Structure formats: structure tokens, C-alpha cells
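Written out below as C-alpha cells is the structure these notes cover.
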């Protein structure tokens, strides 16, 4: 699990850093960090429902923002939390595409030990960076 | 260490002391500032203020059309884009902008205060029952769903357009509730043609729910020693040892999505179409009188309406619970509203600037409207008094009812909205265990039911500034004057 929550960054909100050797791994870890912000016990989220997400963007940053916002959307619209993310990311001619099957179940206060309701992914200092080891993202969530 | 962590290395800039509670940050602090920033705070609060606030309020001062000052209220703390506690007014006739990030994701998040004619002695034996029943009737926590069943179209055409009026005509409340709500419970400028299907999908099921984070519903006590303005307290229906109810919530997933939708739209047009450069993406903005600016204003109005409808339905549920527990009607229990007032909104208002009355879009992000007597924004029943102002504290310390002060016009009729955090949620959670905190509160006479124990830990009193200090600063500045402090007995926490 390669993400960590940052203590002193966003006073009213939640900040995290996620990493990955590949972009796919980065997206997975960022998705887990977001889900973990809402549910304390990620292992308790069973995989009963699958949703398919397809997005396109001009860069990796906008693609990650859009992907995370999808997870926030499903939390409210269908009360779903996800624990398995099968992600495929491709870059072609300057367009970045994600095709993902995400697996989860309806949220449950007791079972998942819910914590904070993520209102939105903030664009304040939102970053996706290429590093020597792979990729890193910095994200602040409005809760 | 990533970029985010490096951001913390700020130094406090030099401030010009105008009075004991007014501090100015001059435009030479940052390139592009069009006006100075003005912080309303005591020395003690200035010393406790996190340093990113200064950088963020300076960024606000760079936005086109800003008037007088970029203000920060005494409870100010860093957010993104605007700081929380930020107030800025833009002249709509001089290219002034509207910015979703200056209003916040939780559009029209606000406070509602409700009276009873019950005393502390009468409620004490029923306190646990009341809190347990309220916890069931008013869903709280992540992704909670309300009891009202509506189609997407009903949500669009009625809730988003008519706000609390929809609720009252649907049987959730009294006609008099509307005249005790800001804007009479309805943003008349709303247009549901400007909201996305996604925003409706996120919110149409959430009417009557609190949400999570710092949202709460409290049963509070009016201790005799906490009434500061006896005349006004009595006029507004407060008496010693009375039990009142206060709650704090907003426009839920619907409002959050409206904000996200337009933040993205503004980012795509701001520089290319309007040539506006900003220092933080969360400051994305567009001229008020542009197609995008108008579309956001109208969509934001829909979210304002959702939040008024939400709080109106919650009030209805509270009345049901009290009526059931005490076996009397809500009318017999004297469950009249005092007021409903928001602290995250952009409102079209007229204010005098340099001797000239200007049309402004006043952004308040974590700042409460606080109108001095006579202003047309104040409902008629309160117009001669000044507007009631509700400032919510942490679940341990209590909250305040105030009235718009004589100097309110100095801050475009704005004041603080809460205690203001001093510690991050992640840190607070590491410092205290939620279950333990709630046991401690219970031992001190505050019974809490929470949807989330870790969530409760994030809201521990030590993570906030002292609300008494915040209210003192606002009163010394003359922008809002305390009427009564209300201390919690029971709390439903999101």
C-alpha cells in the first residue's frame, strides 16, 4: 500500500501522497487512499458490484482528477465503495485514456467503519509527477 | 518530502496594526495584489493563525474587481483558493468576478437555531432518548440517504428552484419558518437548467441528512450567566435555563458537484477566454456578467435552495421527535425558529464603497452574513434589531447567537462562522481515540451519538480555536455582538 496521509498540510481537509512504479499503480494507490479516507477498514469492503469507468484527458493529472471524482460520485449517487481496481491506462497521440473495472459494495456504517464524507477532490496543489522511481501524486480532499 | 510538505515553510508577513483587532497586509506583500488584505483578530488569534492564511488571502486580493480589502475573519484558517473565513466583494459592473472556490464546495452550508419552551430540568431525564431518536430520524455520516423520495425531475423543478418553500408546501414545516430564514428560504436567482444530471444524481436522495465532518445537530442549554444581551434575547424568545436546538449542514453531494462542475468549466475558459491569471487553481473565476459566471451563479442558487430545503426537512424531523417524546404538538412546545443563516455563499448585494453605492457579488467562505439594523437583507421581524448571527463551536465548547453590529458595513456585513480549526484532522485523530473522547464528554454531561468514532476524534475541541476568543474579536471589531452563548447537552455528530 503506497500512500500516506499528511498531518500538517490541510487543516480542515485531508491530504495524501500516493506513489507507483507505473501510472496504473499510482492510480490504484490514489484510489485506495481516497477510499481509505471514507472507510477505515478497506479489507471489509467486499467485491459484489462492478462499475466500468472510461475517461480521456489531455494529461495524466487531469485523468487522475477525473478518475478520483468518479469514486466520489458513486459514493453519493449509488452509495458504493470500492476495494478492487482493475485499471488500464494508455497514452496515444497526446491523449491519456483510462479503462477501469472497479469492484465494491454498498457502504455500511458499522461494517466499513466509515469516517469522513469526501465532498470533492480539490485542485489546490493537485499534482501528478514523474519521479526517478516512477510516479507520485499529491492530493487534497475536501471533507 | 513532497511539494505539499514544503509548502508549510511560511513566515508570518509584516502586518500593519490598525487597531487592537484590525491588521492589514499591504499589497507589496505579493505581486498582483489589487487591494490590501485585512484580518479581523485579536493579537492572540493572530499569533495562533496558521501562516498559509496570509498567502491565501493575498491571492484573493489579486482577483479582478475586488473592492476595499480581501478580508479574513477571526476564525480564519487555511483552506485552498480562499482561506476559510475569507470574504471578498467584487464590483459586477467593473469586470468583477465570481469564483466557486470563494464560496466553497458545501454551498450554503449553514446554521439553524430552533427554540422550545422546555427547561433544562424538563429535558434532562429525556436527554438520551431525544438524542437517540434524533440520531435515527436525521441520518448522519458518509453517503447517508434521507426519507424523502423524489424523482430527478421533482428535485430539479421543485427543490432546486424553490428551496424551503418546496419543503413547507410539502408539509415539512410552518409558513413562519420561511420568514425566519435568510432569503426567505429561496434563492430567487436559481435556474435548474444550469445544473448537471450528475449533480442531481449525487444529491436527490439526500434531503434531510446531516452529512459528516463538522456537521452536527445539538440540544443546547441557555445558562442564565450566558445571556449577554437580555433585552434582545427575550425579544427573540430566549429565556434562562431554556432548551434550544441548533444544527449545521449544507447542500450535500448536490452542492459539492455543482461546485466541482463549475470549477472545471471556469478553469477551461478563464485564461483563454477572459485573460485572467490566477495563483491557485481553486481560485478559478469568471466575470460575473459572462455566460459562465451567470451559469454558475444560477446553478449555485439551486444548491442554496437544496440546503434550505435540507435544513427545513431536518427541522420537521426534529419537531416530530420532540412532539413524540413529550407527547405534545411542536406548537405546544413552542418550537419556533430563530433563524437560518449560511456561511458559504456568493450573494448579490449593494454596499457603499468610497461614498458610492455599488452592486457587488459578496463571497463568504466560512464567513457569516452579519447585517447592521435596517439592511434590506434582514427579515422584517428582525430588521430594527440587526440580523441574527449563529456561530457554531466545537462539540465541547458551545455556540453563540449574535446580532449584526454597528461596524458590520466595514466587512461587507460579514463575521466569523465558527471556532476555526488549528489542527489537521489527521493529526487530531492521532491524538485522541474517538470512543474515549465520547466517554469523556458524557462524563462532563454531553451525550454524543456519532456515525463515526474516528470522525468524532477529528472534531475534538482541542483541534479548534477557543470560540470565546473568536466572538470577542468580532465584538471588539463591532461586526457582530453576542446575544447568548449556548452550551451543548446532547449532540448528533455526522
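Can you find a residue that is in contact with a helix residue (DSSP H, G or I) (Cβ under 8 Å, 6 or more places away or on another chain), within 11 Å of another protein chain (Cβ to nearest Cβ) and either at pLDDT 95 or above or surrounded by 18 or more Cβ atoms within 10 Å (Cβ to Cβ) (or both) anywhere in segment B:162-175?
Looking for residues that are in contact with a helix residue (DSSP H, G or I) (Cβ under 8 Å, 6 or more places away or on another chain), within 11 Å of another protein chain (Cβ to nearest Cβ) and either at pLDDT 95 or above or surrounded by 18 or more Cβ atoms within 10 Å (Cβ to Cβ) (or both), one finds none in segment B:162-175, hence no.
Please work out which one of (1) modelled with pLDDT of 90 or more; (2) facing chain B (nearest Cβ under 9 Å); (3) buried (at least 20 other Cβ atoms within 10 Å of the Cβ) is the condition residue A:129 fails and give its number.
(3)
Somewhere in segment A:102-116, is a residue facing chain B (nearest Cβ under 9 Å) and at positive phi?
Yes, segment A:102-116 contains at least one residue that is facing chain B (nearest Cβ under 9 Å) and at positive phi.
When segment A:77-104 is examined, which residues are found to be out of contact with any strand residue (DSSP E or B) (no Cβ under 6 Å at 6 or more places or on another chain) and within 29 Å of residue B:144 (Cβ to Cβ)?
A:77, A:78
Has segment B:238-256 got at least one residue that is more than 30 Å from residue B:126 (Cα to Cα) and surrounded by fewer than 24 Cβ atoms within 10 Å (Cβ to Cβ)?
No, because not a single residue in segment B:238-256 is more than 30 Å from residue B:126 (Cα to Cα) and surrounded by fewer than 24 Cβ atoms within 10 Å (Cβ to Cβ).
Of everything in segment B:80-96, what is out of contact with any helix residue (DSSP H, G or I) (no Cβ under 7 Å at 6 or more places or on another chain) and surrounded by 24 or more Cβ atoms within 10 Å (Cβ to Cβ)? Give them in sequence order.
Step one: filter segment B:80-96 for residues out of contact with any helix residue (DSSP H, G or I) (no Cβ under 7 Å at 6 or more places or on another chain), giving B:84-85, B:89-96.
Within segment B:80-96, B:84, B:85, B:89, B:90, B:96 meet the criteria.
Would you confirm whether or not segment B:440-450 contains a residue that is touching a residue at least 24 places away in the same chain (Cβ under 8 Å), facing another protein chain (nearest Cβ under 9 Å), surrounded by fewer than 24 Cβ atoms within 10 Å (Cβ to Cβ) and out of contact with any strand residue (DSSP E or B) (no Cβ under 6 Å at 6 or more places or on another chain)?
The answer is no, given that none of the residues of segment B:440-450 is touching a residue at least 24 places away in the same chain (Cβ under 8 Å), facing another protein chain (nearest Cβ under 9 Å), surrounded by fewer than 24 Cβ atoms within 10 Å (Cβ to Cβ) and out of contact with any strand residue (DSSP E or B) (no Cβ under 6 Å at 6 or more places or on another chain).
From (1) in contact (Cβ under 8 Å) with a residue 60 or more places away in the chain; (2) within 14 Å of chain B (Cβ to nearest Cβ); (3) surrounded by fewer than 23 Cβ atoms within 10 Å (Cβ to Cβ); (4) more than 19 Å from residue A:131 (Cα to Cα), pick out the condition that doesn't hold for residue A:8.
It is condition (1) that residue A:8 fails.
The values are calculated or read from the model by the stated rules, or taken from the named source; none is laboratory data. Because the structure is a prediction, the values reported are computed rather than measured. Cβ sites come from the backbone with ideal geometry, for glycine too, and all protein chains shown count toward neighbours.
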